[in-house]
Structure formats: C-alpha cells, structure tokens
Amino acid sequence: MTIFLSIIAVLLLIVGIIGAIVPALPGPPLSWVALLIIYFAIPGGVSLSVLLLMLLLMVVVTLLDYVAPAITTKWGGGSQAAVWGATLGVFVGLFFSPWGLIIGPLACAFLAEYIQEKNLNKSVKVALWSFLAFLLSTGLKLVASLWISWYCVVPIWHAIVQ
C-alpha cells in the first residue's frame, strides 16, 4: 500500500509543479495533498509540524495568487478603479483559463485605469504592473510546490532505499 500511495503522491507532485505554472491547475494545493498522503503512508517520513507549516505556506501562496494583481496594480500607481479592475479580472479570468488568468487582470486593470484617468501611458504602466503580479505569483507558487515536493521526495527515497 505504501508503494501505491507513494506513486499517487509523486503523480500529484508532478501535476502540482505543472499547476504552479499553468493557471488552470491548483499547483500548491495538489502538492500539499501529496505531502498529506506521504504523512499517512510513510510513518515518521513527515512530521506534523512540517505538514502544518507547508499547509500555511500553501494557503498563503494560494491567497496571494488572487490578491497580488490588486496589490501590484496599486504599487504601479493605479487608481482604486484599476485595483478593482485587476481584482475583477482575476475572477473573470477564471472562466477563461488558462489565458484568462493572464489576460483578465491585465486587460481589466488597463480598461479601468483608462476609463478613470484617460491616460494611455499610465494605463499601460498599471496593466504591466498587474502582469508583474502574475509573474511573481507564478514564481511563488513554483517555489512553494518545489519546497513541498522536497519534503515528499526525501521520505519516499528513504523508504525505497530501506
């Protein structure tokens, strides 16, 4: 049973790492589920404190993935309308994954800022800051999925070697 569960965990890790890059897949949550499987499949392979710490990491990174466009839009000098546009763009983009999650915040931040300020250059700048959020959140999700994967692969390796 340990071998079967380890195979399932490895498959989840692979999909989790892919999902950290592809917006349509929930990368860090899938990676954490793999860690949870290893926690129960390999006694002593993962401590409860590591499991909970990685849960916290997964939740924070997943939430940041949704709020990062609004935060960076504001940092880029966007008006409140652009912040709301970027936030709305994330949710609208969910229905048009994977490209919608990239284009949605960018386009909605641009449109909202342009409607508010009537300044093309500023609107483009704000939209690019929103795109930067996508890049940063993708990087964070990838790091989180890889970090969680490390805590899975080591116990699996030790179980195989023994």
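The values are calculated or read from the model by the stated rules, or taken from the named source; none is laboratory data. Note that the structure is a prediction, hence the values are computed from the model and not measured. All Cβ positions, even for glycine, are placed from backbone atoms using ideal geometry, and neighbour counts span all protein chains on display. Only protein heavy atoms, including side chains, enter the accessible area calculation; ligands, DNA and RNA are left aside. Shrake-Rupley method; radii C 1.70, N 1.55, O 1.52, S 1.80 Å.
Within region 98-111, the presence of a residue that is closer than 16 Å to GLY16 by Cβ, surrounded by 18 or more Cβ atoms within 10 Å (Cβ to Cβ) and in contact with a Phe, Trp or Tyr (Cβ under 6 Å, 6 or more places away or on another chain) is excluded. Pairs are defined by a Cβ separation below 8 Å, a sequence spacing of at least 6 or placement on different chains, a first member in region 77-96 that is within 17 Å of VAL126 (Cβ to Cβ), and a second member that is open to solvent by less than 40 Å² (accessible area, probe 1.4 Å) and of a type in the set (D, E, K, R); the pairs so defined are GLY78/GLU113; SER79/GLU113; ALA81/GLU113; ALA82/GLU113; GLY85/GLU113. Looking across region 36-56, the residues that are without any contact (Cβ under 8 Å) to a residue 24 or more places away in the chain and either assigned to a helix (DSSP H, G or I) or under 11 Å from the mean Cα position of the chain (by Cα) (or both) come down to LEU36, TYR39, LEU48, SER49, LEU51, LEU52, LEU53, LEU55, LEU56. Scanning region 11-30 for residues that are under 9 Å from the mean Cα position of the chain (by Cα), crowded, with 22+ Cβ neighbours inside 10 Å and of a type in the set (A, V, I, L, M) yields one hit, ALA20. Whether any residue in region 108-117 is at pLDDT 85 or above and among the small types (Gly, Ala, Ser) is what I want to check. Within region 108-117, not a single residue is at pLDDT 85 or above and among the small types (Gly, Ala, Ser).
Within the group VAL33, VAL124, VAL59, which residue is assigned to a helix (DSSP H, G or I), without any contact (Cβ under 8 Å) to a residue 12 or more places away in the chain and surrounded by fewer than 21 Cβ atoms within 10 Å (Cβ to Cβ)?
So the residue among VAL33, VAL124, VAL59 that is assigned to a helix (DSSP H, G or I), without any contact (Cβ under 8 Å) to a residue 12 or more places away in the chain and surrounded by fewer than 21 Cβ atoms within 10 Å (Cβ to Cβ) is VAL59.
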